[in-house]
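Novice: Pasting a structure below so you can have a look.
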Amino acid sequence: MVPYGMALAAVSYIGHSLGAGKPGEARSGVKIVALASLVCSLAIAMVILLFKSVLIELFTDDLSVLATTKECFYLAIAALFFDWLQCCASGAIKGAGYQGLGSVGSLASLGLVAMPLSWALAFRQGWGIKGLWVGYGCSALALTAFFYALLFCWIDWEAIAEAAARDEDSGAKVKTGEGLKKYVTLKTGSRLEEPLIIAELRKTRSSTSSQSELTDDAEYAWV
């Protein structure tokens with residue numbers, strides 16, 4: 001659960017940094033996530049390896065199962081290590097607003113790497129359960145590389161922060177108490193209504209009644 005907690009923290013920190021117009025802090029947050037996830041993943045892996053026999057024996061006392069588990073234990077830890085890294089990186093991707101791209105990457109890594117490679121190694125090459133772990137580990141490694149390539153080489157943090165600032169500015173125009181009047185012509189048959197304060201005009205074009213519509217030539221004036 002530690003990697004998932006770190007991923008949520010990355011979503012919150014990076015998203016808030018971009019929303020506050022601080023792309024430098026968001027970029028630094030990615031570096032912190034990368035380093036922290038590496039350290040925590042190594043620590044978790046070391047703890048699991050240290051108590052390997054105890055952990056395995058908690059779930060089974062079958063000698064054949066114990067032998068098989070111990071054979072592929074190191075492969076499983078390696079696969080999970082990269083899975084923890086990609087989990088934390090996915091939080092940074094979501095915080096930057098690229099949830100869709102992260103989902104596509106995850107599906108592609110499973111469908112194009114994990115499943116075919118696991119099948120080929122486990123059944124065609126006769127590796128058995130080891131092949132399944134190798135396929136999953138390669139998928140997690142590919143996804144980790146993809147996510148960090150996006151974070152460090154492709155994403156334009158300044159552009160995202162500027163877009164967030166523009167959205168915030170446009171949203172601020174409809175807040176009450178700002179003294180902004182919107183002179184709007186409302187058509188009700190052939191009769192024209194008086195200008196309205198924008199605080200009282202909270203309807204959108206799509207939510208206006210069939211008898212009153214906003215015209216495209218609405219004017220704004222500060223008072």
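The numbers here are math on the coordinates, done by the rules we state, and not lab data. Predicted, not measured: the structure shown is a model, and the values here were computed from it. FYI the Cβ positions are ideal-geometry reconstructions off the backbone, even for glycines, and counts take in every protein chain you see.
Novice: What are the ³J(HN,Hα) values, in whole Hz, obtained from phi via the Karplus relation 6.51 cos²θ - 1.76 cosθ + 1.60 with θ = phi - 60°, for each residue of segment 84-96 in sequence order, with x given for Gly and Pro?
Specialist: Running phi through 6.51 cos²θ - 1.76 cosθ + 1.60 with θ = phi - 60° gives 5, 5, 5, 4, 5, 5, 5, x, 5, 4, 5, x, 7 Hz.
Novice: For segment 1-87, run through the chymotrypsin sites (Phe, Trp or Tyr not before Pro) and keep only the ones in DSSP coil with at most 12 other Cβ atoms within 10 Å of their Cβ.
Specialist: PHE51, PHE59
Novice: If you don't mind, another one. Take the Cβ-Cβ distance between TYR4 and ARG124 as r, set R0 to 35 Å, and report the resulting FRET efficiency rounded to the nearest 0.05. Provide the component values of the computation, followed by the final result.
Specialist: Numbers: r = 34 Å, r/R0 = 0.96.
Computed FRET efficiency for TYR4 and ARG124 comes out at 0.55.
Novice: Given segment 2-164, what count of lysine pairs have C-alpha atoms under 29 Å apart, with each pair 8 or more places apart or on different chains? Show your work: numbers first, answer last.
Specialist: Numbers: LYS22/LYS31; LYS22/LYS94; LYS31/LYS94; LYS52/LYS70; LYS52/LYS130; LYS70/LYS130.
The result is 6.
Novice: If each residue's Cβ is checked for other Cβ atoms within 10 Å, how do ASP83, ASP62 rank with the fewest at the top?
Specialist: ASP62, ASP83
Novice: Based on the Cβ-Cβ distance of LEU110 and ALA43, what FRET efficiency does E = 1/(1 + (r/R0)^6) give at R0 = 30 Å, to the nearest 0.05?
Specialist: Details: r = 27 Å, r/R0 = 0.89.
It comes to 0.65.
Novice: Same structure, new question: Please compute the length gained on full extension between LYS22 and CYS153, using 0.36 nm multiplied by the number of residues separating them and subtracting their Cα-Cα distance. Don't skip to the end; give the middle numbers.
Specialist: On the way: separation 131, 0.36 × 131 = 47.16 nm, distance 1.82 nm.
Residue separation times 0.36 nm, minus the Cα-Cα distance, leaves 45.3 nm.
Novice: By count of other Cβ within 10 Å, fewest leading, how are GLU158, GLU57 ordered? Each step should come with its number before you reach the end.
Specialist: Working: GLU158 14, GLU57 11.
In order of increasing Cβ crowding within 10 Å: GLU57, GLU158.
Novice: Here's a follow-up. Report the extension gain between GLU71 and PHE59 in nm, rounded to one decimal, defined as 0.36 nm multiplied by the number of residues separating them, less their alpha carbon distance. Could the numbers behind the result be given before it?
Specialist: Numbers: separation 12, 0.36 × 12 = 4.32 nm, distance 1.60 nm.
Stretched fully, the GLU71-PHE59 segment lengthens by 2.7 nm.
Novice: Also, quick follow-up: Neighbour counts of other C-beta atoms within 10 Å: give me THR60, THR69 arranged from fewest to most. Don't jump to the answer; show the numbers that get you there.
Specialist: Values: THR60 12, THR69 18.
So the residues, fewest neighbours to most, are THR60, THR69.
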